[in-house]
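First the structure, in the form of structure tokens, and then the observations on it.
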């Protein structure tokens, strides 16, 4: 299924158009370093962004926002319905951990048993109308009798 990311005008939310569906799925992800160790510097965060963007491309996912601090990173991704968020997250964390440890051997002094990321993460849906507005919209639909 080929998809296309389109924008109707500047006020419209970006939608992904596929053969059988139209979607606008965005998630806010937060990854924390193991034991909240202060691992990253600015150079490392720049390289991490590149790694995460390349990994996202393998899933047909767009990394739309990225930033971080010494012990965690925030990502906003736009993804198609066929992508399981948990599989994407596992790949993002696994690939980035492996490549960052290879590129920056000094990371090992901060890590326990080589794990860069804590096994936990935050994932929240974002974008579009608020849950309250969506609920009201659905409640106001006219039923045919």
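The values are calculated or read from the model by the stated rules, or taken from the named source; none is laboratory data. As the structure is a prediction and not an experimental result, all values here were calculated from the model. FYI the Cβ positions are ideal-geometry reconstructions off the backbone, even for glycines, and counts take in every protein chain you see.
Within region 102-119, restricting attention to residues that are in contact with a helix residue (DSSP H, G or I) (Cβ under 8 Å, 6 or more places away or on another chain) and part of a helix (DSSP H, G or I), the residue that is modelled with the highest pLDDT is 103. Would you point out the residue of region 27-52, among those that are outside any loop (DSSP other than H, G, I, E, B) and modelled with pLDDT under 95, that is surrounded by the most Cβ atoms within 10 Å (Cβ to Cβ)? Among residues in region 27-52 that are outside any loop (DSSP other than H, G, I, E, B) and modelled with pLDDT under 95, the one surrounded by the most Cβ atoms within 10 Å (Cβ to Cβ) is 34. Counting the residues of region 73-101 that are in a loop (DSSP other than H, G, I, E, B), in contact with a strand residue (DSSP E or B) (Cβ under 8 Å, 6 or more places away or on another chain) and exposed (fewer than 15 other Cβ atoms within 10 Å of the Cβ) gives 1. I'd like to know if region 53-67 contains one or more residues that are at negative phi, touching a helix residue (DSSP H, G or I) at 6+ places or on another chain (Cβ under 6 Å), part of a helix (DSSP H, G or I) and at pLDDT 95 or above. So far as region 53-67 goes, yes, one or more of its residues are at negative phi, touching a helix residue (DSSP H, G or I) at 6+ places or on another chain (Cβ under 6 Å), part of a helix (DSSP H, G or I) and at pLDDT 95 or above. In region 120-137 there is no residue that is surrounded by 11 or more Cβ atoms within 10 Å (Cβ to Cβ), assigned to a helix (DSSP H, G or I) and touching a residue at least 40 places away in the same chain (Cβ under 8 Å).
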